[in-house]
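Take a look at the structure set out below.
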């Protein structure tokens with residue numbers, strides 16, 4: 001499976017937005033009526049703000065959730081825009097750590113299109129935002145012994161996207177957004193031990209999963225662009241959300257994320273700011289004809305300036321956009337899951 005050359009240079013394009021832009025600002029003036037979107041993890045943190053922005057522009061948004069009733073309660077309490085000018089938001093069951101659940105959700109989504117009499121029996125999907133994640137969790141094995149962060153953050157989304165490929169290919173100019181982070185800088189893909197069987201480190205495991213999220217976008221864009229489907233990886237920025245649920249308060253204080261009183265460091269974004277880059281990558285006309293790039297602060301990111309004071313917090317490391325590793329990871333993921341829309 002040879003990877004094609006990435007057509008989009010990994011350099012800023014001057015989007016006009018930046019670090020403090022919000023999801024509402026980047027989607028202002030964009031009309032998504034008649035468009036369909038899926039946002040995993042769309043009922044908490046930046047996922048919730050992503051759903052709010054897409055719905056406000058008229059998109060019909062499906063929110064897959066491990067706890068559907070809880071998700072419905074949260075979305076109702078959040079007062080997601082509704083009415084004739086806003087898109088409809090619905091919830092469906094999905095546990096990304098369970099491949100059978102991923103298959104059930106994808107089958108349900110595609111079958112709903114057939115039942116509605118969509119053209120050719122295929123339901124189109126214009127926007128897929130693979131947002132859900134776990135971070136620095138205790139060691140846990142899922143499925144056939146997969147490390148849980150790799151399995152949930154990457155393999156779950158890999159299977160979901162491949163199973164939904166008919167719907168993505170049926171939409172004109174569909175986009176897939178894969179949520180990565182600067183966590184990718186903590187580890188490349190450990191091809192000799194992706195499941196950490198030789199010793200578990202929660203941060204290296206998270207780093208590998210975030211590298212996988214970026215490489216997934218690189219290879220999906222390479223494979224899908226001839227069908228008009230483009231993919232982007234996104235670093236949303238640091239945001240204090242439920243993603244930190246596995247981290248002791250003491251560890252976050254020691255890392256400088258908050259002070260002893262619990263005040264969050266000013267480096268962190270609000271959820272509305274954190275959702276902005278995902279929404280921008282999914283909808284911006286400025287990205288027409290582009291794809292396969294890693295984005296941050298509502299623009300395409302620059303390569304990491306190795307050795308600079310900001311190397312740990314800004315830019316994308318070479319291993320996270322490496323074409324050969326992207327193709328290799330795709331092959332491995334297809335072998336592990338038994339799913340490959342391009343096989």
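The values are calculated or read from the model by the stated rules, or taken from the named source; none is laboratory data. Keep in mind it's a predicted model, so treat the numbers as computed, not measured. Every residue, glycine as well, gets a Cβ built from its backbone with ideal geometry; the counts of neighbours run over all protein chains shown.
Assessment of the range 107-117 against the conditions (more than 16 Å from residue 60 (Cα to Cα) and within 19 Å of the chain's Cα centre (by Cα)) yields no matching residue.
Taking the range 110-156, which residues are over 30 Å from residue 202 (Cα atoms), in a helix (DSSP H, G or I) and at pLDDT 90 or above? Before you say what the answer is, go through the steps one by one.
Initial filter on the range 110-156 (over 30 Å from residue 202 (Cα atoms)): 110-127.
Applying the additional criterion that residues be in a helix (DSSP H, G or I) yields 110-115, 119-121.
Residues satisfying the conditions are 110, 111.
Test residue 60 against the stated conditions and say whether it is at negative phi and surrounded by 23 or more Cβ atoms within 10 Å (Cβ to Cβ). For residue 60, the condition - at negative phi and surrounded by 23 or more Cβ atoms within 10 Å (Cβ to Cβ) - is not met. Of the residues making up the range 187-198, just one is buried (at least 20 other Cβ atoms within 10 Å of the Cβ) and either closer than 24 Å to residue 225 by Cβ or at pLDDT below 95 (or both), namely 189. Within the range 304-339, the set of residues being surrounded by fewer than 19 Cβ atoms within 10 Å (Cβ to Cβ), in contact with a strand residue (DSSP E or B) (Cβ under 8 Å, 6 or more places away or on another chain), closer than 25 Å to residue 194 by Cβ and touching a residue at least 24 places away in the same chain (Cβ under 8 Å) is empty. A search for C-beta distances below 6 Å between a residue of the range 35-47 that is surrounded by fewer than 24 Cβ atoms within 10 Å (Cβ to Cβ) and any residue that is modelled with pLDDT under 95, counting only pairs 6+ apart in sequence or on different chains, returns 44/242; 45/241; 45/242; 45/271.
Test residue 97 against the criterion of being in contact with a strand residue (DSSP E or B) (Cβ under 6 Å, 6 or more places away or on another chain), over 19 Å from residue 174 (Cβ atoms), surrounded by fewer than 23 Cβ atoms within 10 Å (Cβ to Cβ) and in contact (Cβ under 8 Å) with a residue 12 or more places away in the chain, and give yes or no. Can you show your working first?
On the way: in contact with a strand residue (DSSP E or B) (Cβ under 6 Å, 6 or more places away or on another chain): yes; over 19 Å from residue 174 (Cβ atoms): yes; surrounded by fewer than 23 Cβ atoms within 10 Å (Cβ to Cβ): yes; in contact (Cβ under 8 Å) with a residue 12 or more places away in the chain: yes.
For residue 97, the condition - in contact with a strand residue (DSSP E or B) (Cβ under 6 Å, 6 or more places away or on another chain), over 19 Å from residue 174 (Cβ atoms), surrounded by fewer than 23 Cβ atoms within 10 Å (Cβ to Cβ) and in contact (Cβ under 8 Å) with a residue 12 or more places away in the chain - is met.
Among residues of the range 53-67 being touching a residue at least 40 places away in the same chain (Cβ under 8 Å) and not in a loop (DSSP other than H, G, I, E, B), the one that is farthest from residue 156 (Cα to Cα) is 53.
Among the residues of the range 289-303, those that are touching a strand residue (DSSP E or B) at 6+ places or on another chain (Cβ under 6 Å) and in a loop (DSSP other than H, G, I, E, B) comprise 291, 293, 301.
Taking the criterion of being buried (at least 20 other Cβ atoms within 10 Å of the Cβ) and over 13 Å from the mean Cα position of the chain (by Cα), the residues of the range 294-303 that qualify are 297, 298, 299, 300, 301.
Looking at 261, 278, 284, just one residue is within 30 Å of residue 100 (Cβ to Cβ) and either at pLDDT below 95 or surrounded by 14 or more Cβ atoms within 10 Å (Cβ to Cβ) (or both), and that residue is 278. Does the range 68-88 contain any residue that is more than 25 Å from residue 283 (Cβ to Cβ), in a strand (DSSP E or B), touching a strand residue (DSSP E or B) at 6+ places or on another chain (Cβ under 9 Å) and modelled with pLDDT of 95 or more? Among the residues of the range 68-88, not one is more than 25 Å from residue 283 (Cβ to Cβ), in a strand (DSSP E or B), touching a strand residue (DSSP E or B) at 6+ places or on another chain (Cβ under 9 Å) and modelled with pLDDT of 95 or more, which makes the answer no. Every condition in (1) in a helix (DSSP H, G or I); (2) closer than 28 Å to residue 318 by Cα; (3) modelled with pLDDT of 95 or more holds for residue 13 except the one numbered (1). If only residues of the range 264-275 that are over 21 Å from the mean Cα position of the chain (by Cα) and assigned to a loop (DSSP other than H, G, I, E, B) are counted, the one that is modelled with the highest pLDDT is 267. When residue 183 is tested against (1) touching a helix residue (DSSP H, G or I) at 6+ places or on another chain (Cβ under 6 Å); (2) surrounded by fewer than 19 Cβ atoms within 10 Å (Cβ to Cβ), just one condition goes unmet, and that condition is (2).
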